[in-house]
Each structure stands twice: as C-alpha cells, then as structure tokens.
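One structure below.
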Amino acid sequence: MEWEEIVQDDQIIRYLREKPPKEILSFLISNKEYEAKFYRELAEGCSLESVKTLFSSFSEESLQEKDELYGKFQLLYPEKEPKFLEL
C-alpha cells in the first residue's frame, strides 16, 4: 500500500481535512493531554524504575507540547478556549 492510500484512508486525517484551523489546533491540544495521561498511567503501573522514568518523561514532554500548542491557540484566538473534539 502506498503512503498516499494510507493517508487517504486514515479516519483522523479525513475528519480533520474539513475542519478550520481553530478546531484542528483544539484537537491537537486535547490529543496531547490524552497522550500525557496515557504515559502517566503507564508509568504508574511500572515496577521497573527505568521504564517508569521513561514513561514519566514522555508524559512531561507531552504536557510541554500541549502547553506550547495552547499558547499558540491563545495568540491566534484570544479570549477563546479550545473545544474537545470527538472523532
């Protein structure tokens, strides 16, 4: 399967293709928040300290990326808050 076919068949890409930038940015922010929570829960469930540290660092990185995206959202859309989007 060619890359273009994979991209065309991807549900998220098809969904976001029709959305305005504000909604795409909102999606990215909520996705980073979910990602951080996912990694944090993985870290909490680990008994190996090295793996726990790795997942914790992934969680922190996702939170930093979420904060950066939120800052960009605030610059572009002052006095607005991102909406959680469901696929």
Taking the convex hull of the Cα atoms, report for the chain its projected area averaged over all directions, in nm².
7.4
Positive end of the charge dipole of the chain (Lys, Arg +1 and Asp, Glu -1 on Cβ, about the Cα centre): tell me which of Y34, L69, S56 has its Cα farthest that way.
L69
K37 accessible area, nearest 10 Å², 1.4 Å probe?
100
Note: Y77 to L16 extended length (0.36 nm per residue) minus current alpha-carbon separation gives 20.1 nm
For region 11-59, what is one quarter of the convex hull surface built on the Cα atoms, given in nm²?
3.9
Using mean Cβ contacts within 10 Å as the protection proxy, how do 23-31, 67-75 order, highest first?
23-31, 67-75
For R17, R40, what's the largest-to-smallest order of accessible area, 1.4 Å probe?
R17, R40
Ranked order, S62, S47, S56 - accessible area, probe 1.4 Å, largest first
S47, S56, S62
Sum up the charges of everything whose Cβ sits under 13 Å from the Cβ of K52, counting Lys and Arg as +1 and Asp and Glu as -1, but leave K52 out.
-3
Dipole in debye (nearest 20) - the chain, about Cα centre, beta carbon charges: Lys, Arg +1; Asp, Glu -1:
340
Summing +1 per Lys or Arg and -1 per Asp or Glu among the other residues with Cβ less than 12 Å from I24's Cβ gives +3
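The values are calculated or read from the model by the stated rules, or taken from the named source; none is laboratory data. Worth saying up front: this structure is predicted, and the values here are computed from it rather than measured. Every residue, glycine among them, receives a Cβ derived from its backbone with ideal geometry; neighbour counts consider all protein chains shown. Side chains included, ligands, DNA and RNA excluded: accessible areas come from the protein's heavy atoms. Shrake-Rupley method; radii C 1.70, N 1.55, O 1.52, S 1.80 Å.
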